[in-house]
Ligand SMILES: Cc1cc2nc3c(=O)[nH]c(=O)nc-3n(C[C@H](O)[C@H](O)[C@H](O)COP(=O)(O)O)c2cc1C
């Protein structure tokens, strides 16, 4: 990529240029009513904003902001270990790239394939892993996420929209052939306004359909978009290996609670049976620590990685993820947590 960025500041400045009129790369990405992503846009595409008045987008940040941390300063010195194990892969941090798609729609600042490549390669270079998304112009036979994951030798997690069962099985088969560590479906994706606008079909999935896909896939299966303990339990009963507590960055329903608000009850209900991940409003390493303290085992980064990938390609994504890891380890140090299992409710003030 031209103008290879040197610092995260360069990356963000380049993203601000490239995303003119769509995202101003504000110091705080919070979906406030006066942000350009969120101003009223009747009938227009959702851009990087949230659904409706953006209440769910904002709730994610508000929920995390309410959580306060205990500072712990007495004890033996230590170097925090942020190593995280994800379905057979050892990652440097419990921070992964979220499944996102449709980036070529924004000022044509990057091609769809290059964006997918940037997130996968940048996360790998930072010692971690990225999920990849799915949208209405990704075809069953020519799928940008799967093409990029293939180039990465299978190191990526495809999260497919809840398309028809037949369509999903074709895509899952392709992904499994590539040797991915896990596959998944964003169950809340049947609320995708982008699919609806394009006249493409997405479906609400029942427990038997989910069970069928899980058994058919035979590799770890992730249900993304879970906001209620009963849905989490239904997915666990259907055999999924992981749930992502997520409101899709506030993009599919306005007026939901923040993900950090619902995370503890979901982790309590299914955390002993399945891996619980969470996303929504995670903007720095302190937020990562809070999500882990509330019951998640790892988090996904959405909008931050979109800006990093568009602003700086793979080097931009690497800088962003390394920055998150550094701040997260600092947060572990200052709350007295040596390893990930030590992060729990006791760090919350
Ligand atoms: C522009 C945009 C596109 C997205 N596309 C997808 C997608 O294709 N599949 C998916 O599962 N989630 C998608 N998401 C949701 C993210 O995976 C994630 O849940 C959300 O961005 C996390 O919130 P954050 O942006 O505040 O970090 C998208 C989010 C944004 C902002």
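The values are calculated or read from the model by the stated rules, or taken from the named source; none is laboratory data. Keep in mind that this is a model prediction, so the values were computed, not measured. Cβ atoms come from the backbone with ideal geometry, glycine included; neighbour counts cover every protein chain shown.
See the values below:
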| quantity | calculated |
| --- | --- |
| From the options 261, 287, residue that is more than 30 Å from residue 13 (Cα to Cα) and either out of contact with any strand residue (DSSP E or B) (no Cβ under 8 Å at 6 or more places or on another chain) or within 16 Å of the ligand (Cβ to nearest atom) (or both) | 261 |
| Unmet criterion (only one of (1) closer than 22 Å to residue 94 by Cβ; (2) in a helix (DSSP H, G or I); (3) in contact with a strand residue (DSSP E or B) (Cβ under 7 Å, 6 or more places away or on another chain)) for residue 146 | (1) |
| Selected residue (only one of 344, 311 is more than 14 Å from the ligand (Cβ to nearest atom), buried (at least 24 other Cβ atoms within 10 Å of the Cβ) and at pLDDT 95 or above) | 311 |
| Flag if residue 44 is within 15 Å of the ligand (Cβ to nearest atom) and surrounded by fewer than 14 Cβ atoms within 10 Å (Cβ to Cβ) | yes |
| Subset of the stretch 216-251 (residues that are within 10 Å of the ligand (Cβ to nearest atom), part of a helix (DSSP H, G or I) and touching a strand residue (DSSP E or B) at 6+ places or on another chain (Cβ under 7 Å)) | 248 |
| Extreme residue, nearest to the chain's Cα centre (by Cα), among residues of the stretch 149-170 that are under 24 Å from residue 301 (Cα atoms) and part of a helix (DSSP H, G or I) | 149 |
| Some residue of the stretch 17-37 being modelled with pLDDT under 95, surrounded by fewer than 21 Cβ atoms within 10 Å (Cβ to Cβ) and away from the ligand (no atom under 16 Å from the Cβ) | yes |
| Residue check, residue 129 buried (at least 21 other Cβ atoms within 10 Å of the Cβ) and more than 11 Å from the ligand (Cβ to nearest atom) | yes |
| Restricting the stretch 83-98 to residues that are farther than 24 Å from residue 303 by Cβ and either within 16 Å of the chain's Cα centre (by Cα) or in contact (Cβ under 8 Å) with a residue 12 or more places away in the chain (or both), the residue that is nearest to the ligand (Cβ to nearest atom) | 87 |
